Amino acid sequence: MSAEVVDVITVGCGPVGAITANYLGLQGLRTLIIDRDLTMISIPRAFSCDDEAQRNFQSAGLNGELAVTLWPCKKMDYVDGAQRVLSTIAFGELDFGLSHPAVAFFHQPQMEEALRKGLARFPHVELRMGHELVSFTQDADFVTAQVKDRRTGRVREVRARYLLGCDGARSSVRSLMGVEMKGTSYEEPWIAISVITPTSEPEYTYYVCDPKRPGFVTRGPYNELRLDLLLQETERTELMERKEVVDKLLAPYFDPTKVKIQRASAFTFQAKVAERWRDGRVLLLGDAAHVMPPFAGQGLCSGIRDAINLTWKLALATRGAAGDALLETYELERRPHAEGTIKATIAMGRVFLARNRLIAALRNALLKLLSRIPRTRRFVRNYEFRQKPELLRGLISGGQRRKGEVAEGSYFPQPRVGLPGGETARLDDLAGHGFAVFTLASAQEATQQAAEALARELGGVWLRVLPAERAEEARSGDVVDLGGKLSAWFAQYQADAAVVRPDHFVFGVSSGAALEKLREELCRFIHLPTAPSTQEAPARALLPSSA
């Protein structure tokens, strides 16, 4: 029997594998996703995401019936052991320009269900549960994988242009690549507790700064209450999972007699990164590439960043519109951010999860003091210490991010914009799944023509940005800058045109006749003008709003 042939094999259908397959489906790639489990998980594990991850859900088309049910976090209080508030981050008051809440919580089984329903949109994407990767070989053009049906024992050969390891911290793909993880294993035991309460009240999110029992407690969707608590060194993990012990841990936050326990599981965590993320046509994503502490809720978010960074590059490479140079930018771009997130999370844990009573007392006193000083209070309340999404090097104009306020490698905003006829939409719903070239309506006609031509060559869209006072002039392909955020962005970087990548990062900006220089730089990675379209709509067509 001849081997089955697809564009991409994705190993693992957890959240990262599933959203990766959704992105590949949107790019039109024939995708086989395999998972060794026979059913999807039914217990909550990951539970938080930032506004960037929510924007990436949106990019996967997970709207309407496919939407992930989210519980926006209004505020997070840093509290002591008596639940006295030391300081507060006012998430509900913050707007980072992405048209999504700064932080939100989800129920992982529901999220995975939405992701898998999303796969059903694509006749060219197939999910096979109960199948595992046995081995693979590769040549210049294909990866040849041996895939075993665990129910029958039958092994079939599948050939693919690329094979992706999305199979978690114990990745079989990484093991077959012969790649090790480098970093630190932390032996401090934690317990994750998830319970269902009769109602969604009371609503709170606590970062517990108590040296006796530090941790994190929050509300979530579906009347869920989640607790991640650090255990004492003398507490045996197998005993801590017993109901009577779980009830004691829960009691300070909710009446344990009125809840239904979904999960109580002890765990330890690691802070490690794979030595390399790529071996020819085989690449690692998510926990297979990097595992991190849970303190900042960035584990899943980082895996989703991997997926949206890589999949459009694979699509261009599969179609012959790009080569090895573009694929090399995946790890080049994502590794520094993953490593930086791990370092920041560990530092955060050392401060807020301190077990030493003296250090904890000093920290709590400092938090109270900072909350009384207007500038430092704003610093904490407005979450000004959060790590901004940016690319330090890779597929950006100039190859690396320069110092200072530069647009290249920054994250393009997503305001709500106006359409011809008066309707509104989120910007990404108009920009599609490929490159987008934006120009201000005030740009010279030569710049507008060059932008339209470049968008067409890239298989993307050209969008002209009109100020609100010129809304009546809007025609097909125009967006009205209702709140002035796009105009302010262009003014900040003294530009009238911007080339934005499919993952929302800015490749480069230009002013006047300098757009041709950006095109020349793109040609080093993408074969222009022959790059085939990644979407059926012509460059000036407006996509229907999913708002």
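Taking amide H as placed 1.01 Å from N in the peptide plane, THR88 has its amide H under 5 Å from the amide H of TYR78, each at least 5 places away in sequence or on another chain. Spin-label model, THR184/ASP255: points 7 Å from Cα along the beta carbon direction are separated by 4.3 nm. Per residue, the chain reaches -8500 deg cm²/dmol at 222 nm when only DSSP H runs of four or more residues are counted, each adding -39500 (n - 2.57). Stretching the chain fully between GLU157 and ARG377 yields a gain of 73.2 nm (0.36 nm per residue, less the alpha carbon separation). For region 125-137, the Karplus equation 6.51 cos²θ - 1.76 cosθ + 1.60, evaluated at θ = phi - 60°, returns couplings of 10, 10, 9, 10, 7, x, 10, 9, 7, 8, 6, 8, 10 Hz by residue, with Gly and Pro reported as x.
Under the combined filter of DSSP loop state and at most 15 neighbouring Cβ atoms within 10 Å, region 181-259 retains these trypsin sites (Lys or Arg not before Pro): LYS212, ARG236, ARG242.
Take each peptide in 296-309, 421-434, count the other Cβ atoms within 10 Å of every residue, and average; sorted highest first, the result is 296-309, 421-434. Between ARG386 and GLU113, what FRET efficiency follows from the Cβ-Cβ distance if R0 is 30 Å, with the result rounded to 0.05? After rounding, the FRET efficiency stands at 0.50. Each Lys and Arg contributes +1 and each Asp and Glu -1, all at the Cβ; summed about the Cα centre of the chain, the dipole is approximately 1340 debye.
Stretching ASN63 away from GLU235 to a fully extended chain increases their span by 57.5 nm, per 0.36 nm per residue minus the current alpha-carbon distance. Where the alpha-carbon atoms of region 392-547 are placed on the principal axes, they occupy 40, 35, 29 Å, in descending order. Highest mean packing comes first when the peptides 405-411, 28-34 are listed by Cβ atoms within 10 Å, giving 28-34, 405-411.
For the chain, the relative contact order comes to 14 percent (Cα pairs under 8 Å, sequence separation of at least 6). Where the alpha-carbon atoms of region 192-264 are placed on the principal axes, they occupy 35, 25, 16 Å, in descending order. Holding the Cα-Cα limit at 25 Å, pick out from LYS248/LYS272; LYS343/LYS517; LYS74/LYS388; LYS74/LYS485; LYS75/LYS388 the pairs that are longer than that. Over 25 Å apart, Cα to Cα: LYS248/LYS272; LYS343/LYS517.
Restricting the calculation to Cα atoms, every distinct pair contributes to the Kirkwood radius of the chain, found to be 24.8 Å. Summarising the amide proton neighbourhood of SER48: residues at separation of 5 or more, or on other chains, whose placed amide H is nearer than 5 Å comprise PHE106.
Multiplying the residue separation of GLN270 and ARG355 by 0.36 nm and removing their Cα-Cα distance gives an extension gain of 28.7 nm. Site pair CYS523 and GLU126 shows an inter-label distance of 4.2 nm when each label is modelled 7 Å from Cα along Cα→Cβ. Annotation: aspartates and glutamates with alpha-carbon distance below 12 angstrom to LYS117 (same-chain offsets under eight excluded): GLU65, GLU126. Under the simplified labelling scheme, the GLU423-LYS212 pair shows an inter-label distance of 5.8 nm, with each label point 7 Å from Cα along Cα→Cβ. With the highest mean first, a sort of the peptides 465-474, 369-378 on other beta-carbon atoms found within 10 angstrom per residue produces 465-474, 369-378.
No value in this document is a laboratory result; all are computed from the given coordinates. Bear in mind the structure is a predicted one, so any value in this text is a computation, not a measurement. Glycine also receives a Cβ, built like all others from the backbone with ideal geometry; neighbour counts cover every protein chain displayed.
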